[in-house]
Amino acid sequence: MLETPLSIGVTVDLEFGEHAGGHVKCWQRLAEAAARLWPDAGCDLTVYYLGSGPATIALADHVRFCIAPPRRGTRRLGFGNAPGHTDLASRHPLVEPLLCRHDVLHATGPFALSGSARRVATRYAKPLAASVHTDNPAFARHYTPDVVRGLFGGVAGPVLSRWLRLPEFGARSMARRVRRELAAAQHLFHSNDNQLEEFVRGFPDASRSRLRRGIDHARFHAGLRDRVQLGARFGIPPARPVLAFAGRIDGSKNVDLVAAISERLWSWGVDHALLMLGEGALREPLARRLGARAVLPGRVTQQDLAWMLASADLFVFPSETETAGNVALEAKACGLPLFAMAGTAPAEAVRHIGEDGIVIAGREPWAWARTIAPLLAEPARLARHRGAARRTGALLPSWHDVLEEDLLPVWRRLAGRAPTGRSERESVAAEAAD
């Protein structure tokens, strides 16, 4: 007798769209991999997103996106500078009947869609996995002043925010919400070492394993390097070293530090161009501040992002709010040595410190500039570092690898479709047996 397909429902509490961030794109890429890999695998995948109206987007007979309109959407509430729009409601009743049809549920956030996944899993005794893709407490701390300013005005807002310590209150409240969602899951996927430590302390009874981030190696690779095209597009001389950043251009990514590093290097006479790819509240202020020596073209397509990264020389990414740092991995796949903040998730992508990247402690621009300056001044040394990054970048897992090796075995085990295996990403029960 043939086994019925394993039905998996994944809830992503963010709007689906072309310009969405890494959390949305992560599950988009995984779904695309499933559409290519699973025609005969006996699996059926639905990824739930938010959107302006209800819709179903079929990638294959066995893979689809289900779009649901938010009930208390942040876009409607006027959170203009938010990194991604979500639904602040605790659940989404219209989606719950759809979630009931799945064998395994996987929640990826603390908002409405994932709240419904938790509710359905509890009510109908369905297995629930959970993964954290966004540092929501950190974002709550950062963006709360913007929300208060929008509600109470440019003068009263900041005063009220500081007086009531609203950023700290928002971060604590969000941390409690995240913890409540994670506590309901039978299996937790961690994205970095710090997250693993938090799960070990906070959820000792849950099984856990690593959820890596994949790379589309056909889309991001060093062979796209084209300094002639970069020069034609932005007026950067082919021989001038290019220091690159990509991501949301606001304080949540420490972009002021990126700008200050370049300013320090310029003050020392270290010639280079600064290329900052992305959109955000600080893009125009930084463009005015940095002048002609920097290029801030705004949002670019994924295709343009790939060749622009490959055409740069170093990737500077001091963000402290990443759970994985997809764009840092994409930069490495494009052959860029990575400069990351010590103790952060992107720093874990540096496999050989001093070769394919460097990890720097602290936010002092001079410390970062002092480390970067010798590389920009020595083309041969810079080329060696790019070569090391290219080699380790080529070893990064594909989205196919992540789906087949990290996710599917756990989903099948939770559904009782496969015995528990042993690997470096196995459960805490297996670790304890050792």
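Throughout, read-outs are computed from the coordinates displayed, never taken from laboratory work. Every value quoted in this text rests on a predicted model; they were computed, and no experiment measured them. Don't worry about glycine lacking a Cβ; one is built from the backbone with ideal geometry, like all the others, and counts go over all protein chains shown.
Okay, here's what the table says:
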item	result
Neighbour net charge for A273 - beta-carbon separation under 9 angstrom, K R +1, D E -1	+1
Placed amide H near G298: partners under 5 Å, 5+ positions off or other chain	G278
Computed [θ] at 222 nm, helices only, for the chain once each DSSP H run of length n ≥ 4 contributes -39500 (n - 2.57)	-12000 deg cm²/dmol
Contact order relative to length of the stretch 222-393, as percent, for alpha carbon pairs under 8 angstrom and 6 or more apart	24 percent
Separation in nanometres of the label points that stand 7 Å from Cα toward Cβ, at R240 and H19	2.7 nm
11 Å beta-carbon shell around I215, net charge (K/R +1, D/E -1)	+2
A415-V200 pseudo-label distance in nm [points 7 Å out on the Cα-to-Cβ vector]	3.2 nm
Full-stretch length increase - H352, R289 - with 0.36 nm per residue and alpha-carbon distance subtracted	19.2 nm
Estimated inter-spin distance, A55 and R101, nm [label 7 Å along Cα→Cβ]	1.9 nm
Net charge, R370 excluded, C-beta distance under 12 Å - Lys, Arg +1, Asp, Glu -1	0
Whole-Hz ³J(HN,Hα) from phi, Karplus 6.51 cos²θ - 1.76 cosθ + 1.60, for the stretch 361-375, glycine and proline x	8, x, 10, 7, x, 5, 5, 5, 5, 4, 6, 7, 3, x, 6
Gain on full stretching of the segment that runs from S173 to A342 - 0.36 nm per residue minus C-alpha separation	58.2 nm
Rounded if a/c under 1.5, otherwise prolate or oblate - the stretch 222-393, Cα gyration tensor axes	rounded
